[in-house]
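One structure is given below, encoded as structure tokens.
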Amino acid sequence: MLFGAVETGGTKIIAAVLDENRELLDSIRFSTGTPDEAVQMLADFFTEKKVCAIGIGSFGPVDINQDSENYGMVLDTPKKGWRNYPFLSELKKRIEVPMLIDTDVNCACLGEITYGAAKNLKNVIYITIGTGVGVGVCIEGETLKGMLHPEAGHILLRKHPDDEFKGICPYHSDCFEGLASGPAIAARTNTPAELISADSKIWDIEADYIAQGITNYILTYSPCKIILGGGVMEQPHLFPLIRSKVSSYMNGYINTKQMNSLDDYIVPAGLLGKQGIIGAYCLARKAFYMEEAD
């Protein structure tokens, strides 16, 4: 059997075909473009490959409530043409196989707990810090779904005393994403993050904001592991700074094995950039076996 996996982003879409052993057999990548064009390209690709089910990790906000009449609809996104677009139902019109959809970061978290850095753990947080800040949450092995999905990249943070930058989020200004995303770093310094030297004081500010976010997630979700991904986290010198600041913010309040071993608790992604596609593959398998059970 072959399974289809999709990861949609603001600028590109990746579609892949994997077999039952998780071996990647084929993939395509194309610009996000208009939703109708994207859906048709996905349908053509997966029809030709004869996949038995499809899992989708989508940029958000997206309706991931399977009981909702709008399940699979991209909601109030700034992405031109995609606002209130019934993504899942349009794809189902073109290819009739079982499908499930979740957010891109939830899928990344699902991939990591199934095959990656958090394998065999059920309660895990995945944070991506890049073009934006997104947080995927798995509780008891399932991605968290409620009124919508976690928008924990927009929690409000205390401003660092040395930071005069007002933030770039059009909704909240100085939320996590507004202060610590890749574009926020570039706007603050007029330099892309990957070109900033490791000894720049900006990294102390960046680590402080990430540590504040992580501290909030520890206290609210109580995860067994925290995984950091995204372009900004390709700066390896950030990890020790973040762990040190998390320890300082927690101030001994929680005394567990994880909190006493932050090197093993706050870690980089284990699937080397493929966590989103692998998570979508996990969704495809779930969709297939749910249909079989019915």
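The values are calculated or read from the model by the stated rules, or taken from the named source; none is laboratory data. Keep in mind that what you see is a predicted model, and the values were worked out from it rather than measured. Cβ: placed from backbone, ideal geometry, glycine included. Neighbour counts: every protein chain shown. These area figures cover heavy atoms from the full protein model, side chains too; ligands, DNA and RNA do not enter into them. Shrake-Rupley method; radii C 1.70, N 1.55, O 1.52, S 1.80 Å.
Only a single item in (1) modelled with pLDDT of 95 or more; (2) open to solvent by 10 Å² or more (accessible area, probe 1.4 Å); (3) within 30 Å of TYR171 (Cβ to Cβ) is not met by VAL62, and it is number (2).
Regarding GLY252, is this residue under 18 Å from ILE113 (Cβ atoms) and either surrounded by fewer than 20 Cβ atoms within 10 Å (Cβ to Cβ) or of a type in the set (Val, Ile, Thr) (or both)? When the stated conditions are applied, GLY252 does not pass them.
Kindly list, by first and then second residue, each pair from a residue in the stretch 33-52 that is of a type in the set (S, T, N, Q) to a residue that is not in a loop (DSSP other than H, G, I, E, B), limited to pairs with Cβ atoms under 6 Å and residues at least 6 apart or on different chains. Between residues of the stretch 33-52 that are of a type in the set (S, T, N, Q) and residues that are not in a loop (DSSP other than H, G, I, E, B), there is no close pair. When you look at CYS107, is it surrounded by 15 or more Cβ atoms within 10 Å (Cβ to Cβ), free of Cβ contacts under 8 Å to residues at least 24 places away in the same chain and touching a strand residue (DSSP E or B) at 6+ places or on another chain (Cβ under 6 Å), yes or no? No: the conditions fail for CYS107.
Annotation note: of LYS93, LYS119, the sole residue that is open to solvent by 50 Å² or more (accessible area, probe 1.4 Å) and without any contact (Cβ under 8 Å) to a residue 40 or more places away in the chain is LYS93. Checking each residue in the stretch 219-249 for being open to solvent by less than 60 Å² (accessible area, probe 1.4 Å) and in contact (Cβ under 8 Å) with a residue 60 or more places away in the chain picks out PRO223, CYS224, LYS225, ILE226, ILE227, LEU228, GLY229, GLY230, GLY231, VAL232, MET233.
Filtered by the rule that a residue be under 27 Å from GLY81 (Cα atoms) and either in a strand (DSSP E or B) or open to solvent by 60 Å² or more (accessible area, probe 1.4 Å) (or both), the stretch 18-36 gives SER27, ILE28, ARG29, PHE30, SER31, THR34, ASP36.
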